[in-house]
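For reference, the structure discussed in these notes is given below.
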Amino acid sequence: MRTTPVRWLVALSILVAGGCATAPKPLQGQFEPLSADLARQQDALGSAVRWGGEIIAVEADAQQTCFVVLSRSLSPTARPVVKREESLGRFIACRQGFYDPALFAEGRDITVTGRIADYESRKVSNFDYRYPRVAAEVIHLWPERRPTDPRRLPPVGMYWRYDPFWFW
């Protein structure tokens, strides 16, 4: 049996589509293309959002836990992208129940989905900052990023790299 180019193209398409990164199931859905910074400047009450970033503070009690988050852009998997010079604003995400501040510690990455329920004004240094407050439906804590141990990297000479002056 002879394989046609169309069959090869279909097989290749399936392999490529299967390798695409997607967000975890609880973080999937339709959300407003709205950043936390834009939401604080306009009235976006009730908008469905999927935001993520770095936890700045955790306020937990027996009824609910609120996270103050420095918003970052999200990768295709919905994980916050680490760019120290980037901030898409700040937001507060609250959810019923107790989330342990030892696990949800400052500096950890989270992604939340929910609706903008309110706005809250708080001080950032001497500045009054208007935080969008999200009634979170999902709070996803990402695994900690571990720095790469240089002793575990392959030696430099193991891989050939293209260097046009290598031949000279």
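The values are calculated or read from the model by the stated rules, or taken from the named source; none is laboratory data. Note that the structure is a prediction, hence the values are computed from the model and not measured. Cβ placement follows ideal geometry from the backbone for every residue including glycine, while neighbour counts extend to all protein chains displayed.
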Among residues of the range 113-128, those that are surrounded by 13 or more Cβ atoms within 10 Å (Cβ to Cβ) and touching a residue at least 60 places away in the same chain (Cβ under 8 Å), counted = 6
key: Qualifying residues in the range 15-38 (those that are at pLDDT below 85 and hydrophobic (A, V, I, L, M, F, W, C)) - the one farthest from GLY114 (Cα to Cα)   = LEU15
query = Of ALA39, ALA60, ALA78, ALA48, which residue is among the aliphatic types (A, V, I, L, M), in contact (Cβ under 8 Å) with a residue 40 or more places away in the chain and in contact with an Asp or Glu (Cβ under 7 Å, 6 or more places away or on another chain)?
reply = ALA48
key: Qualifying residues in the range 46-78 (those that are touching a helix residue (DSSP H, G or I) at 6+ places or on another chain (Cβ under 9 Å) and assigned to a loop (DSSP other than H, G, I, E, B)) - the one surrounded by the fewest Cβ atoms within 10 Å (Cβ to Cβ)   = THR77
